[in-house]
Amino acid sequence: MGSDAISQGGVNRGAPARRSGGREGAPSLTELRSRMAAVPGRGESAAQRAPLGDGARRAALPVPTALAPLLPDGGLVKGSVVAYTGASSLLAGLLAAVTEGGGHAAVVGMPRLGLLAAVEMGAQLRRLAVIADPGPDPVEVAAVLLDGLDLVVLGLGGAAVAPARSRVIAARARNKGATLVVADGRWPGASLQLDARIAGYAGLGRGRGRLRSLGLTVEVRGKAGPPRRGRLDLCPNAGRVEWVLREKAAPPVEAVDTQEAVS
């Protein structure tokens, strides 16, 4: 089950959707909707759940352990929209954490996202759907997937989404209790902004050597409070690849007027 239930008729794990006759093409939204109902623990039951209100407990999806201290809620809040920029390595880590924890996820419009890297981090491909070519409206495809999955990672290909539409999709994610991560584009009104930049490599010499680790500088910005920053390293450990928190930068200290402080 899982993404096996939606791996036919336009959604396939690790490969672009194809029309009959072998040509690549956008998946049918009708087919996507019908397959959302087949995902265990989501689907039709998701449509019957009450929306997440402001007073509800802020439940969160699992994330790589090293990333959790940098996030205000220790994970990606269910029903939220996250704007992501920078290196795609951490996106693979998010997919791995959710699917390894029993959740279901999808990647839309990001054909170059490394699934092998996600597997090395623990991703369960049977719970991961990939729509490499979502057609002319990837936002609508992602919106349909929110009905049945826990996490949807959407690549906008450099496009900008209008504020009116982003509010509609955000309301849908909130209603379904699903999390949308938007990359490679502009999405106004996101509840969280996550940026990951390559900080360095270890193990490579002058044109040769074996890559032992990858470092990322990560910055997290919420709608309130100062940004949180830290250094994460991706390192091999006991046959798999894991994220390690090397440094957590302290939040900036607000300046205080000396005269007022001693008066």
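Okay, residues lined up against (1) closer than 16 Å to G109 by Cβ; (2) assigned to a helix (DSSP H, G or I); (3) modelled with pLDDT of 95 or more:
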{"residue": "E140", "(1), (2), (3)": "yes, yes, yes"}
{"residue": "L149", "(1), (2), (3)": "yes, no, yes"}
{"residue": "V152", "(1), (2), (3)": "yes, no, yes"}
{"residue": "A164", "(1), (2), (3)": "no, yes, yes"}
{"residue": "R167", "(1), (2), (3)": "no, yes, yes"}
{"residue": "A170", "(1), (2), (3)": "no, yes, yes"}
{"residue": "A173", "(1), (2), (3)": "no, yes, yes"}
{"residue": "V182", "(1), (2), (3)": "yes, no, yes"}
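Tell me the residue from V141, V181, V152 that is open to solvent by less than 10 Å² (accessible area, probe 1.4 Å), in contact (Cβ under 8 Å) with a residue 60 or more places away in the chain and within 20 Å of A96 (Cβ to Cβ), please.
V181
Limited to region 106-117, what total is found for residues that are touching a residue at least 60 places away in the same chain (Cβ under 8 Å) and aliphatic (A, V, I, L, M)?
Total meeting the criteria: 4.
Taking the residues in region 155-169 that are more than 9 Å from P188 (Cα to Cα) and among the β-branched types (V, I, T) as candidates, determine which candidate is most open to solvent (accessible area, probe 1.4 Å).
Per the criteria, the residue is V168.
E120: open to solvent by 10 Å² or more (accessible area, probe 1.4 Å), more than 23 Å from A170 (Cβ to Cβ) and touching a residue at least 40 places away in the same chain (Cβ under 8 Å), yes or no?
Values: open to solvent by 10 Å² or more (accessible area, probe 1.4 Å): yes; more than 23 Å from A170 (Cβ to Cβ): yes; touching a residue at least 40 places away in the same chain (Cβ under 8 Å): yes.
Here the answer is yes, as E120 does meet what is asked.
Looking only at residues that are open to solvent by 10 Å² or more (accessible area, probe 1.4 Å) and part of a helix (DSSP H, G or I) in region 77-110, which one is farthest from R240 (Cα to Cα)?
Filtering region 77-110 for residues that are open to solvent by 10 Å² or more (accessible area, probe 1.4 Å) and part of a helix (DSSP H, G or I), the one farthest from R240 (Cα to Cα) comes out as S89.
With the condition kept exactly as written, say whether any residue in region 61-76 is modelled with pLDDT under 60 and assigned to a loop (DSSP other than H, G, I, E, B).
no
The values are calculated or read from the model by the stated rules, or taken from the named source; none is laboratory data. These figures come from a predicted structure and were not determined experimentally. Cβ atoms come from the backbone with ideal geometry, glycine included; neighbour counts cover every protein chain shown. To get the accessible areas, we keep the full protein, side chains included, count just its heavy atoms, and leave off ligands, DNA and RNA. Shrake-Rupley method; radii C 1.70, N 1.55, O 1.52, S 1.80 Å.
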